[in-house]
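What follows is a short report on a single structure.
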Amino acid sequence: MSHPHPDLAAPAPLAPGALRVIPLGGLGEVGRNMTVFEYDGKLLVVDCGVLFPDENQPGVDLILPDFQPIRERLHDIVAVVLTHGHEDHIGGLPYLLRERGDIPVLGSRLTLALLEGKLREHRHRNVPQQVVVEGEKVRLGPFECEFVAVNHSIPDALAVAIRTPAGLVLHTGDFKMDQLPLDDRITDLRAFARLGEEGVDLFCVDSTNSEVPGFTTHERDIAPVLDRVFTNARNQRIIVACFASHVHRVQQVMDAAVKHRRKVAYVGRSMVRNMAVARDLGFLTVPGETLIDMRELENYPPEQVVLVSTGSQGEPMSALSRIAANDHNSVQLQPGDTVVLASSLIPGNENSVYRVINGLTRHGANVIHKGNALVHVSGHASAGELLYCYNIVKPRNVMPVHGEIRHLHANAALARQTGVPAENVVVVEDGVVVDLVDRLAVVAGKVDCGYVFVDGSTVGDITETSLKDRRILGDEGFISVIAVMDSVTGKLTAGPEIQARGFAEDDTVFDDLRPKIEAEIEKAIGSGVDDMYQLQQVIRRVVGKWVSDTHRRRPMIIPVVVES
């Protein structure tokens, strides 16, 4: 993983009275957000999320933050504070709790309710949890945390102000400044200003939309667009795909369905679970008789139903991807269906999303997405809002968080434009440690910090090398060669037997390769080579050269030599 400070050594022990910030995820990518704060020998963790794999990471289910830098100090963690309930902020916590199951967890009511399903799934019981609300202050070891309401694409999101004798840190979490939010809960700029008057020594600011000029569009502006979609699809079924935690968007779909006399059914396990939680807590209003079970769909004609589905990012196993591939058990696309992708494109997911759009279109669906209609607005503050915040807070130091490196640098430029001295703006990636010493943020070193891959129930066993092997297998196929050698005479007694997958299904293509392998093995044995590994390398070289010369391919080659 690249860092803007590649030559940094491991950080020295933390100086007395200083505060250390260790980003373990979310700085350099959009996802797996996790930041560790250290003061006086104690650790406070803010968020613990996951990153979803891209197409270059075959077989990977999730990507976690790297816990190794704190693994020997799990007993020093006083708490995990969650800013909101999105997967990229809470999805990694069950894996951290595998290593120490009694870490206290703090978050808003909805955030902890969404977390609860994950804890049950991972069989975590008796995890200490504390619901917090905006305006509340909580003492956690040497840290005093004050929670501030912020507006995001999920309800009940919080920023957190962290006070220690070393200074005051304000961490925004993910936020925007929608002045007309659907739930009337705006980002508390009065609290931001009050904290600014107190003196914010380090401002950790969401960078996701820092390259986007102006202000993020209001959520309310989507409602008339959805209304038009429903009007134009008067005689067809409508499928809306969004994040399984985007309560506001589901509420808008629900409202449009009621207006146009349609029933709503959820598609996807996480959608069913999350929306049930949101409804139970009062964050989602479902008018009576509007919601139906998937099994009831056959009782209604297409023009009377709306499906709300997961899979807006093109995730391979999601409901929408299976619908697009005509591989869903309950939902088969019909020509004329309208499909709305109500989400942004997360960087890295573009190819997957376009593949789904093409699949839907191929089956005759009318696909509406952010590129051709205002069916989604971002949950993150654009450049105009960030400038506004810098001017309100007037921080001494700024550390951009949550974004790819280009987003972090764009955010840093905004901070400098508002008067934050360039030397007080630190742009770092995962693993680069920042210390707050005498109210000044300085880069203190770097800890080893990489991607941790989850494959099924296996955590951390997959390496970049094994991923490279998987990519080769997927792209180039493999060839296995088995030869049996007489241990007494040193002659080949069987083989070479050649098998291939994903390369050439017709075995006759290897007819002219077998004599080449036999000749090279006999030549090697004749020159005194009798080591099995060396003979396998001989086979690898012969097959590799033949494949490259004749087919211009580079499959994985698996030679096996056994003695009889």
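Here are the numbers for this structure:
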quantity	calculated
Selection count, the stretch 283-320, where residues are loosely packed, with under 14 Cβ neighbours inside 10 Å and more than 20 Å from GLY336 (Cβ to Cβ)	9
Residue in the stretch 361-404 that is surrounded by the fewest Cβ atoms within 10 Å (Cβ to Cβ), counting only those that are at pLDDT below 95 and of a type in the set (A, V, I, L, M, F, W, C)	LEU374
Residue count for the stretch 226-268, restricted to those that are in contact (Cβ under 8 Å) with a residue 24 or more places away in the chain, of a type outside the set (Val, Ile, Thr) and in a helix (DSSP H, G or I)	13
Checking PHE143 against (1) more than 24 Å from GLU87 (Cα to Cα); (2) in contact with a His (Cβ under 6 Å, 6 or more places away or on another chain); (3) modelled with pLDDT of 95 or more; (4) not small (Gly, Ala, Ser), the condition it does not meet	(2)
Criterion (in a loop (DSSP other than H, G, I, E, B), modelled with pLDDT of 95 or more, under 28 Å from GLN68 (Cβ atoms) and assigned by TED's automatic domain parsing to the domain that holds VAL427) met by exactly one of ILE186, ILE103	ILE103
Matching residues in the stretch 126-167 - criterion: being crowded, with 19+ Cβ neighbours inside 10 Å, in a strand (DSSP E or B) and acidic (Asp, Glu)	GLU146
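The values are calculated or read from the model by the stated rules, or taken from the named source; none is laboratory data. None of the values given here were measured: they were computed from a predicted structure. Methodologically, a virtual Cβ is constructed for each residue, glycine included, from the backbone with ideal geometry; neighbour enumeration extends over all protein chains shown.
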